[in-house]
Amino acid sequence: MNNLRPDLAVIAENVAQQSRILDVGCGDGTLLEALRDKRDCDARGMEIDSANVAECVGKGLSVIQGDADRDLAFYPDGAFDYAILSQTLQTTMRPALVLRELLRIGERAFVSFPNFAHWRVRLSLLWGGRMPVTRQLPIKWYETPNIHFSSIDDFRALLSAMDIKVENAWFLSGDKRRSPAAANLRAEHAVFLLSK
């Protein structure tokens, strides 16, 4: 699973064999394909972009078009072992509602997101006074789908307020894993494994 984006590789390594999966915001289906082929998972997806849905279906993946903010409500309680939301939480209208829905339909949830408190982001704002464009955040502020700019510490505070348990967390800078120490400053991305 070396060809996966770093956060997806962490998720794929930690999903149990033969699990029932829903990948919300599955994009082109890269993670679904890896979980189906390498972990023998019943891997399904939801994607808002119709071109990505068509690409997934062309790969033989079970993917429907849907919006995380509205369409998770149609899934029954406990339908999946894992609900996955990778690099999508910051694009949702109501992140707290989406988290609740993930943990309603899945026994556990993987959530990955960019850390907008990373030192390069802070430095760009401090010295340049402008929103950064980096390798991990390559889109200018006026074209980005991101509407909620959170940090690792913001996310932890939300989880605490919602009484959501963190089973594990991984912090990444590019392809490298970082220790939890000063992750809010040093990590570009985070992956959390959550449960109720």
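The values are calculated or read from the model by the stated rules, or taken from the named source; none is laboratory data. Since the structure is predicted, the reported quantities are computational estimates derived from the model, not experimental observations. Positions of Cβ are backbone-derived with ideal geometry, glycine not excepted, and every protein chain shown enters the neighbour counts.
Residue pairs, Cβ under 9 Å, 6 or more apart or interchain, first in the stretch 184-196 and under 30 Å from Gly78 (Cα atoms), second polar (S, T, N, Q) and buried (at least 22 other Cβ atoms within 10 Å of the Cβ). List them.
His189/Ser112; His189/Asn115; Ala190/Ser112; Ala190/Asn115; Val191/Ser86; Val191/Ser112; Phe192/Ser112
Tell me whether the stretch 59-68 contains one or more residues that are closer than 26 Å to Phe149 by Cβ, of a type outside the set (Val, Ile, Thr) and in contact with a helix residue (DSSP H, G or I) (Cβ under 9 Å, 6 or more places away or on another chain).
Yes, the stretch 59-68 has at least one match.
Just need a number here: residues in the stretch 165-189 that are in contact with a Ser or Thr (Cβ under 8 Å, 6 or more places away or on another chain), within 15 Å of Ser112 (Cβ to Cβ) and modelled with pLDDT of 95 or more.
Of the residues in the stretch 165-189, 2 are in contact with a Ser or Thr (Cβ under 8 Å, 6 or more places away or on another chain), within 15 Å of Ser112 (Cβ to Cβ) and modelled with pLDDT of 95 or more.
Look at Leu85 and say whether it is buried (at least 16 other Cβ atoms within 10 Å of the Cβ), at pLDDT below 95 and within 14 Å of the chain's Cα centre (by Cα).
No; evaluated as a whole, the condition is false for this residue.
Report the residue count in the stretch 70-88 for those that are under 20 Å from Leu193 (Cα atoms) and without any contact (Cβ under 8 Å) to a residue 40 or more places away in the chain.
Looking only at that region, the number is 2.
Evaluate the stretch 136-149: report whether one residue or more is touching a Leu at 6+ places or on another chain (Cβ under 6 Å) and either surrounded by fewer than 17 Cβ atoms within 10 Å (Cβ to Cβ) or modelled with pLDDT of 90 or more (or both).
Scanning the stretch 136-149 turns up no residue that is touching a Leu at 6+ places or on another chain (Cβ under 6 Å) and either surrounded by fewer than 17 Cβ atoms within 10 Å (Cβ to Cβ) or modelled with pLDDT of 90 or more (or both).
Run down Ala96, Ala79 and say which single residue is closer than 23 Å to Phe149 by Cα, of a type in the set (A, V, I, L, M, F, W, C) and in contact with a helix residue (DSSP H, G or I) (Cβ under 8 Å, 6 or more places away or on another chain).
Ala96
Which condition breaks for Asp37 when tested against (1) modelled with pLDDT of 95 or more; (2) surrounded by 15 or more Cβ atoms within 10 Å (Cβ to Cβ); (3) not hydrophobic (A, V, I, L, M, F, W, C)?
Answer for Asp37: the failing condition is (2).
Taking the residues in the stretch 5-34 that are among the charged types (D, E, K, R) and touching a residue at least 24 places away in the same chain (Cβ under 8 Å) as candidates, determine which candidate is surrounded by the most Cβ atoms within 10 Å (Cβ to Cβ).
Asp23
How do the pairs read when you match residues in the stretch 158-173 that are of a type in the set (S, T, N, Q) with residues anywhere that are assigned to a loop (DSSP other than H, G, I, E, B), using Cβ under 8 Å and keeping only pairs 6 or more apart or on different chains?
Close Cβ pairs satisfying both conditions: Ser173/His118; Ser173/Ala187; Ser173/Glu188.
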